[in-house]
Amino acid sequence: MSYVMQAGAFLIDVAFRLYIFILMLRILIQWTQALNFYHPLSRFVYSATFPLLKPLQKFMPRYHNIDTGIFLLILVFIALKTLLIDLLLSVPLSIGGILISSLAELLSLFIYVFIFSIIIEMILSWFNSDPYNPLQIFVSRLNAPLLKPMRRLIPPVSGLDLSPLAVVILLQLALILMVSPLMDLSKRL
C-alpha cells in the first residue's frame, strides 16, 4: 500500500467523520433541546444538515422532536466512508460486513460522544462557571439520563461525585463487550 493511498484514505476518513459528527450534533441538539435555533452552533448544524435531511423528512417520521432520518443518513455516510476506503486500499468487500461495521461504528460514536461529554461536564464542574453557559446546559442535559440513575446508586463520598467515573467505566465496557464483537463479526463476513 502506497503512502498516497494511505493519505487518501485518511482524508476520506476525516471528511466523512466531520460531517457524521455534525449530523450527530443535530441529533443531540434536538434531543437535549439545550440550544435554541438562534444559537450560532445550532444554526450552523441545521444549515449544514438540512439539504440532505429534507428529502428524508417527507417519509421518515419525527420521534420525540428528533428527525429519525438522521440515523439513516449517518448509517449511509458511515457505510459510504467504509466502502470508499476499502475500495481505495483494495480490501475485500462484503455488503454484510460493511453494514455490520457501520452499525458498530454508529454505536461506538454514540458511546464516545457520551464519554467525552461526561469528561467535559466533569472539567466544567471544577470551575465556578456560569450556570447559564450553553455548553454547560448542553452537556448536563445530555448526560442526565446516564448520570441520574448512577447518582442514586453511588452517593457522593465526602462531597466527591464518583458517578461520572462509574458511567465512563460502564461505557468503556460497552465498547469492549458490544462494539468490538460487532467489528470482529464484520471482518469475518
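The numbers here are math on the coordinates, done by the rules we state, and not lab data. Just so it is clear, the model here is predicted, and its values are computed rather than measured. Every residue, glycine as well, gets a Cβ built from its backbone with ideal geometry; the counts of neighbours run over all protein chains shown.
Here are a few things to note about the model shown:
- Model label zone, Ala144; criterion: amide N under 11 Å from point 7 Å along Cα-to-beta-carbon; scope region 23-48: 32-34
- Rg/Rg_globular for the chain, with Rg_globular taken as 2.2 N^0.38 Å and Rg from C-alpha atoms: 1.17
- Net +/- balance of residues flanking Asp67 in space, Cβ distance below 15 Å, scoring K and R +1, D and E -1: +4
- Sum of side-chain charges, Thr49 neighbourhood, beta-carbon under 10 Å (Lys, Arg +1; Asp, Glu -1): +1
- Intensity falloff of region 1-93 expressed as log10 I(q)/I(0), Debye formula with alpha-carbon point scatterers, at q = 0.17, 0.18, 0.21, 0.25 Å⁻¹: -0.77, -0.82, -0.99, -1.23
- Rounded to the nearest 20, the Cβ-based charge dipole of region 1-93 about its Cα centre (Lys and Arg +1, Asp and Glu -1) stands at 320 debye.
- Under the Debye formula (equal points on every Cα, no solvent term), log10 I(q)/I(0) of region 94-189 at q = 0.13, 0.17 Å⁻¹: -0.55, -0.79
- Relative to one another, the C-alpha centroids of region 82-111 and region 162-189 are positioned 17 Å apart.
- Compared with the alpha-carbon gap, the fully stretched path from Ile169 to Leu72 is longer by 32.0 nm at 0.36 nm per residue.
- Available extension along the chain between Leu83 and Met60 is 5.8 nm, counting 0.36 nm per residue and deducting the alpha carbon span.
- Set of aspartates and glutamates with alpha-carbon distance to Lys58 below 18 Å, sequence-local pairs under 8 removed: Asp67
- Within straight-line cross-link reach of Lys81, aspartates and glutamates at Cα separation under 14 Å, skipping those fewer than 8 residues along the same chain: Asp13, Glu105
- Fully extending the segment from Phe116 to Leu189, taken as 0.36 nm per residue of separation minus the present Cα-Cα distance, adds 23.1 nm.
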